[in-house]
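Written below as structure tokens is the structure these notes are about.
The values are calculated or read from the model by the stated rules, or taken from the named source; none is laboratory data. What you are looking at is a predicted structure, and each value in this text was computed from that prediction instead of being measured. Counting neighbours? That spans all protein chains shown, and the Cβs are built from the backbone with ideal geometry, glycine included.
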Amino acid sequence: MTTTTHAVRVEVAGATMTVVSDHDFVTGWCRRYFAPWWNVNALASQEDIGSGPVIIGTVDAGEYDFIARCVKRAPHTSTSHAGEKMLLTRPLQTYQGEADVTGSRQEDVAMATARLVRDSVRGQLLRHNWWLMHASAAAHGDRVILALGKKGAGKTSVALALAAGYGLDFVADDRVFVRPSSSGGVEVLSWPSAVAVG
């Protein structure tokens with residue numbers, strides 16, 4: 001593992017990801033993005049990182065240029081992710097362990113790292129029998145109201161209106177995780193996202 005100075009662990013419902021970076025901007029971005037929804041804890045030392053899944057966010061223009069040259073020279077394909085062109089190499093084997101996100105701009109590395117954390121946690125939750133639903137949610141005590149509908153149907157507006165007008169807690173915008181509980185009810189988890197109305 002590379003030498004790092006900042007680390008945070010993101011946890012929810014048994015799913016966990018650790019983010020490590022030499023830039024506090026990267027770990028700070030993850031803290032701000034995930035903390036309203038999931039548990040995020042700063043880690044004090046390398047020993048606290050442990051053996052779970054780790055994503056390393058590296059901001060280094062020279063390293064990024066070197067990796068880009070290597071990818072361009074190898075057999076690769078092009079794709080687009082989040083509106084950005086990407087070149088992908090296809091390894092012949094599966095790798096386990098740390099994932100490295102490298103870029104020349106700290107904002108790009110922070111956003112890419114957060115997306116990878118979010119999608120990795122989603123995969124872990126799906127393996128633990130959580131289902132991802134297209135819904136917004138508001139809660140009162142241990143009761144949750146899910147607003148379902150197509151894009152633009154007003155799901156977020158309903159959840160925000162319940163929170164503002166009736167004092168319910170705003171739980172999630174656009175996506176939630178659900179699974180049957182052992183007591184016969186349904187458990188609901190929020191999915192980190194910015195609120196978008198309209």
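Some notes on this structure:
- Checking Val71, Val26, Val40 one by one, the residue that is on the phi < 0 side of the Ramachandran plot and in a strand (DSSP E or B) is Val40 and no other.
- Residue match in the stretch 23-37 (condition: at pLDDT 90 or above, within 15 Å of Met111 (Cβ to Cβ) and aliphatic (A, V, I, L, M)): yes
- A single entry from Ala159, Ala164 fulfils the requirement of being more than 27 Å from Val10 (Cα to Cα) and assigned to a helix (DSSP H, G or I): Ala164.
- For the stretch 122-132, filtering for residues that are in a strand (DSSP E or B) and either loosely packed, with under 14 Cβ neighbours inside 10 Å or over 16 Å from the mean Cα position of the chain (by Cα) (or both) leaves 1.
Quick grid of which residues meet (1) hydroxyl-bearing (Ser, Thr, Tyr); (2) over 18 Å from His128 (Cβ atoms); (3) out of contact with any Leu (no Cβ under 7 Å at 6 or more places or on another chain):
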| residue | (1), (2), (3) |
| --- | --- |
| Lys151 | no, yes, yes |
| Leu160 | no, yes, yes |
| Phe170 | no, yes, no |
| Phe177 | no, no, no |
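- For the stretch 137-156, the set of residues classified as within 19 Å of Ala13 (Cβ to Cβ) and either buried (at least 17 other Cβ atoms within 10 Å of the Cβ) or touching a strand residue (DSSP E or B) at 6+ places or on another chain (Cβ under 7 Å) (or both) consists of Ala137, Ala139, Val144, Leu146, listed by residue number.
- Every pair of residues 6+ apart whose Cβ atoms lie under 8 Å, when the first sits in the stretch 40-64 and is without any contact (Cβ under 8 Å) to a residue 40 or more places away in the chain while the second is among the aromatic types (Phe, Trp, Tyr): Val40/Phe34
- Check on Val59, modelled with pLDDT of 90 or more and touching a strand residue (DSSP E or B) at 6+ places or on another chain (Cβ under 6 Å): no
- Looking across the stretch 1-15, the residues that are buried (at least 18 other Cβ atoms within 10 Å of the Cβ) and in contact with a strand residue (DSSP E or B) (Cβ under 8 Å, 6 or more places away or on another chain) come down to Thr4, His6, Ala7, Val8, Arg9, Val10, Val12.
- The stretch 167-192 - residue that is assigned to a loop (DSSP other than H, G, I, E, B) and over 20 Å from the mean Cα position of the chain (by Cα) and, of those, farthest from Arg122 (Cα to Cα): Gly167
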